[in-house]
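Scroll down for the structure; my scribbles are underneath it.
The values are calculated or read from the model by the stated rules, or taken from the named source; none is laboratory data. Quantities reported herein were computed from a predicted structural model and do not represent experimental measurements. Methodologically, a virtual Cβ is constructed for each residue, glycine included, from the backbone with ideal geometry; neighbour enumeration extends over all protein chains shown.
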Amino acid sequence: MIFVTPDSPQRPVRETVLRDGKLLLMASPRMKSGFILISPEDGDPREASTIKGALMMGRSADLTSVKVDLLVTGAVAVDRTGRRLGKGTGYFDTQNLILVW
């Protein structure tokens with residue numbers, strides 16, 4: 001299972017995850033509806049990889065049974081030690097903590 005943030009620049013990554021036959025986990029926008037699980041069988045990967053498509057085709061994720069193998073997010077910048085600078089809202093940090101807890 002691969003977690004990809006719901007940001008628009010990551011939509012092609014979400015589509016690739018689904019086209020490769022993997023389960024996609026994403027947070028709902030601003031975490032208003034928790035996490036959404038999308039299966040490759042849920043519909044057209046291009047549509048399912050959009051926020052609207054994920055909300056329509058995906059289902060609420062039961063985080064007690066979720067094992068995430070990879071997390072993907074965007075970054076404004078990354079330093080040489082791997083520290084990431086995001087948009088400053090803290091959503092990815094919060095989502096990461098929820099998923100590893």
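List pairs: first residue in the range 60-88 and hydroxyl-bearing (S, T, Y), second residue in a loop (DSSP other than H, G, I, E, B) and at pLDDT 90 or above anywhere in the structure, Cβ distance under 7 angstrom, at least six positions apart or on different chains.
Listed pairs, sorted by first residue: S60/G34; T73/T5.
Give the residue that is surrounded by the fewest Cβ atoms within 10 Å (Cβ to Cβ), with candidates limited to residues of the range 55-67 that are within 20 Å of D20 (Cα to Cα) and in contact with an Asp or Glu (Cβ under 9 Å, 6 or more places away or on another chain).
In this case the residue turns out to be R59.
Among the basic types (K, R) and either touching a Gly at 6+ places or on another chain (Cβ under 9 Å) or free of Cβ contacts under 8 Å to residues at least 40 places away in the same chain (or both): does that describe R19?
The answer is yes for R19.
I'd like the residue in the range 1-53 that is part of a loop (DSSP other than H, G, I, E, B) and surrounded by fewer than 14 Cβ atoms within 10 Å (Cβ to Cβ) and, out of all such residues, is farthest from the chain's Cα centre (by Cα).
Here the answer is D44.
Go through the range 2-40 and report how many residues are touching an Asp or Glu at 6+ places or on another chain (Cβ under 7 Å) and of a type in the set (D, E).
Counting residues in the range 2-40 that are touching an Asp or Glu at 6+ places or on another chain (Cβ under 7 Å) and of a type in the set (D, E) gives 0.
Among the residues of the range 68-94, write down those that are of a type in the set (V, I, T) and surrounded by 10 or more Cβ atoms within 10 Å (Cβ to Cβ).
V68, V72, T73, V78, T94
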